[in-house]
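Visitor: Before I ask anything, let me first share the structure, which is written out below as structure tokens.
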Amino acid sequence: MDADAVDVLRRRARALRRAIPGRYDDLRALARGFQLDEVTPDALARAMIECSRASSDAAREIDALARALPSEAHRARLRRALGGGVETTGTTGCSSETRRAREVKAETLAPGLVCLRKFMTVERQRWLADESFRLGESVDVQQGFFERSSDGAAKLNQGSRGRMILTPEAFPGDALREMCAEAVRAAQKVDDAMPDMNPTTCLVNFYKDGAEFKWHKDSEDPKLVKSRAGPPIVSFSVGMSADFGYKYSFEDPTHEVVRLNSGDVLLFGGPSRMIVHSVLNVHPGSMPGHLRGKMLNGRLNVTVRDIGEGVIDTSQFPAYRVSYDGVPAEGNV
Ligand SMILES: O=C(O)CCC(=O)C(=O)O
């Protein structure tokens, strides 16, 4: 490296230290470890995304750091984990897409099954991603997305998927409850069979590209299963697109598929509450521009549920086990 290039790197390092004074040493150590293949690209990407939230200066300098890694192979691995570079507009950035009027479209797929296209604004998608990763990030909190493998590295707690089980109150303010209420109202406008719901629980899943979720039913109070009147699961998708498969019985040899894109909300309740469903694929390369470098490359899905009198056995985490009157519900995953 010539003297000018070294000088540029030194100046950038000083600028980065000024932008994230409390985090600079940790980030530098992670970047070094990554170049020695001792730290995974996801671990460095997560730290970079978190530090870049501090300010637009921090975001710009971190983006420059990602571009300045000397090895192209390492740059490429980091870009992949970030879904591109780090977003340099900081926390207040507002793209033209945000300002454009939203074109929400409600698709009734079956009685009780509605997809609200582009229901979440870009800001809401970013908010949900930021808050979910803030909650799911820490490998030392038992119930985050990550757990430690035997060699001490952080890995997603369900293989290519990470899960958290939360209450809606884990998200600041009343925002998630309000989003849910709005989505239910919008679905009820196009579907008389969509019941009301009162959010009590959220399952948050983070999928790496290519990840799947096996065919399953979401557990429900046996009384409501019989009446086909269960409150809807309200499912928010952010990040990469996925194919969601559904059918009405496990034995059915065929199934329908609906593509869920970032910002879409799918509701299944009433006669569709017990659909058998699966995430068939998460499409690589489908990360929307407004989320690149804002969340770890992949897909986030937040299902908000009304489990009524159900009780969750938290000792089984990351498995999701709900009982009604002491009896484990069918369809626990
Ligand atoms: O990720 C999704 O779209 C579905 C998640 C799901 O099936 C579940 O949480 O039970």
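The values are calculated or read from the model by the stated rules, or taken from the named source; none is laboratory data. These figures come from a predicted structure and were not determined experimentally. Note that we place each Cβ from the backbone using ideal geometry, even for glycine, and neighbour counts take in every protein chain shown. Surface accessibility is based on the protein's heavy atoms, side chains included, excluding ligands, DNA and RNA. Shrake-Rupley method; radii C 1.70, N 1.55, O 1.52, S 1.80 Å.
Visitor: Scan segment 94-106 and give yes if some residue there is buried (at least 16 other Cβ atoms within 10 Å of the Cβ) and at pLDDT 85 or above, otherwise no.
Guide: Yes.
Visitor: Regarding segment 144-151, can at least one residue be identified that is surrounded by fewer than 20 Cβ atoms within 10 Å (Cβ to Cβ), modelled with pLDDT under 85 and assigned to a strand (DSSP E or B)?
Guide: Checked against the condition, which is being surrounded by fewer than 20 Cβ atoms within 10 Å (Cβ to Cβ), modelled with pLDDT under 85 and assigned to a strand (DSSP E or B), segment 144-151 yields at least one hit.
Visitor: Can you give me the ranges of the helices (runs of 4 or more DSSP H) entirely in segment 1-76 with at least 3 residues that are of a type in the set (Lys, Arg)? Talk me through it step by step, then tell me what you get.
Guide: Working: elements: 3-19, 24-35, 41-52, 56-68.
Qualifying helices (runs of 4 or more DSSP H): 3-19.
Visitor: Show me the strands (runs of 3 or more DSSP E) found entirely inside segment 153-257 where at least 1 residues are within 14 Å of the ligand (Cβ to nearest atom), at pLDDT 95 or above and open to solvent by 40 Å² or more (accessible area, probe 1.4 Å). Break it down stepwise before answering.
Guide: Values: elements: 154-156, 161-166, 201-207, 213-216, 230-239, 242-247.
The qualifying strands (runs of 3 or more DSSP E) are 213-216.
Visitor: Which is within 21 Å of Asn198 (Cα to Cα) and surrounded by 22 or more Cβ atoms within 10 Å (Cβ to Cβ), of Ile275, Ile307, Ile312?
Guide: Residue meeting the stated conditions: Ile275.
Visitor: Moving to a separate point now. Could you say whether any residue in segment 317-330 is in contact (Cβ under 8 Å) with a residue 24 or more places away in the chain, open to solvent by 60 Å² or more (accessible area, probe 1.4 Å) and β-branched (Val, Ile, Thr)?
Guide: Within segment 317-330, one or more residues are in contact (Cβ under 8 Å) with a residue 24 or more places away in the chain, open to solvent by 60 Å² or more (accessible area, probe 1.4 Å) and β-branched (Val, Ile, Thr).
Visitor: So, in segment 266-294, exactly how many residues are within 15 Å of the ligand (Cβ to nearest atom) and under 16 Å from the mean Cα position of the chain (by Cα)?
Guide: Total satisfying the criteria: 6.
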